[in-house]
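K.L.:
Let me give you the structure first, and then I'll get to my questions.
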There are 2 protein chains.
Amino acid sequence: MVVSAKLQWSDGLKFTVEVAQGRKMELNAIEEMGRAFTPMELFLVALAGCTAMDIQWIISRQRQQVDRFEVLVRGTRLEKDPRYYEKIDLEYIVAGAGIKRNAVERAIRLSQEKYCSVRAMLKDSVKLNISYTIAAGGPEQKFEFTG
Amino acid sequence: MVVSAKLQWSDGLKFTVEVAQGRKMELNAIEEMGRAFTPMELFLVALAGCTAMDIQWIISRQRQQVDRFEVLVRGTRLEKDPRYYEKIDLEYIVAGAGIKRNAVERAIRLSQEKYCSVRAMLKDSVKLNISYTIAAGGPEQKFEFTG
């Protein structure tokens, strides 16, 4: 399967992006972004979105009743070029009556180890710290995912 | 430097994303995307945008007169999970009077080897094929970048 995009420079470091079906977005560098997105933001969203979809899909097939599902992602960049993310924190928040911890943990593991296409392209030098918070009717509980 | 995003599940495999300054976008899986973007599209745009900005910035400092600059990116996914991009074709198209081939080649090299943050996070199993086309007043000429 092939995915493609076309970027056209407009001015400064601004680019207009077009993908299939005429969908468009604007790119810009961090210093002057306005309504545009930066490449490093899109990268984080790609990673978080990829694993979020895996997990939502796996959990829903385990007949867990999910009322709310959020993913918080935070990347910390190296200070020197090429300034990639040396650390990425991913936190999943799953709420719903009777949500089981082991169902969430299993979904995270399958996403990390088997399904997430973006995750699978990352070098080991990009460290992922994963945690999840479950609100299953009682008080919220936060856990670390250790793989 | 820290970059962050928040994803909220809406329904199916749809998520609403919010980044700094209240900028939002919609995510969805490929099968039903509408106006939303897929994570794998965003990943390609992140990679292409990152290197496009590097190259635009480097070329402009070399006093090349760029009238048009486009980047075409095409990723070919593995057929089996985790279905990552086993091959990514990046083509740069630079037009402008007197654009020098070695200026473009040097900018591509610096982006690949030194500056591009997204590139720097990719495993070697993701193969990049890079080419560039120059229209410097005469007929267009296409070249392979071999690193």
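K.L.:
How big is the C-alpha Rg of the protein assembly as shown next to the rule-of-thumb value 2.2 N^0.38 Å, as a ratio?
P.N.:
Against the compact-globule rule of thumb, the ratio is 1.04.
K.L.:
If you don't mind, another one. Counting DSSP beta bridges in chain B, what percent are antiparallel, to the nearest 5?
P.N.:
70
K.L.:
For region B:58-133, count all C-alpha to C-alpha pairs, find those more than 14 Å apart, and express that count as a whole percent of the total.
P.N.:
Beyond 14 Å sits 66 percent of the P(r) for region B:58-133.
K.L.:
May I ask you to list the lysines whose Cα is less than 26 Å away from that of A:K100, ignoring any residue fewer than eight positions away on the same chain?
P.N.:
Filter leaves A:K114, A:K142, B:K6, B:K14.
K.L.:
Treat each spin label as a single point 7 Å out from the Cα along the C-beta direction, and report the A:R77 to B:Q65 distance in nm.
P.N.:
3.3
K.L.:
Provide the three semi-axes, in whole Å and in decreasing order, of the ellipsoid equivalent to chain A as defined by the square roots of 5 times the Cα gyration tensor eigenvalues.
P.N.:
Result for chain A: semi-axes of 32, 18, 15 Å.
K.L.:
May I ask for the longest run of chain A untouched by GluC sites (Glu not before Pro) that are loop-located per DSSP and have at most 13 neighbouring C-beta atoms (other than their own) within 10 Å?
P.N.:
With a cap of 13 other Cβ atoms within 10 Å, the longest stretch comes to A:1-78.
K.L.:
Please turn the phi angles of region B:8-19 into ³J(HN,Hα) values with the Karplus equation 6.51 cos²θ - 1.76 cosθ + 1.60 (θ = phi - 60°), one per residue in order, whole Hz, x for glycine and proline.
P.N.:
Working through the residues one at a time gives 10, 5, 9, 7, x, 10, 8, 9, 9, 10, 10, 10 Hz.
K.L.:
Any chance you could give the angle, 0 to 90 degrees and rounded to 10, that helix B:101-110 forms with the longest Cα principal axis of chain B?
P.N.:
40
K.L.:
Turning to a different aspect of this structure: Per residue of region A:50-57, in order, report the coupling 6.51 cos²θ - 1.76 cosθ + 1.60 (Karplus, θ = phi - 60°) as ³J(HN,Hα) in whole Hz, putting x for Gly and Pro.
P.N.:
4, 6, 4, 5, 4, 5, 4, 5
K.L.:
Tell me, what is the FRET efficiency for B:Q141 and B:K114 to the nearest 0.05, using R0 = 35 angstrom and their Cβ-Cβ distance as r?
P.N.:
Efficiency computed from Cβ-Cβ geometry: 0.85.
K.L.:
A further question on this structure: Between B:N102 and A:T16, what FRET efficiency follows from the Cβ-Cβ distance if R0 is 25 Å, with the result rounded to 0.05?
P.N.:
E(calc), rounded to 0.05, equals 0.35.
K.L.:
Mind checking the dipole of chain B: about its Cα centre, +1 per Lys or Arg Cβ, -1 per Asp or Glu Cβ, Debye to the nearest 20?
P.N.:
520
The numbers here are math on the coordinates, done by the rules we state, and not lab data. Here the structure is a predicted model, which is why all the values come from computation and not from measurement. Virtual Cβ from ideal backbone geometry, glycine too; neighbours counted across all protein chains shown.
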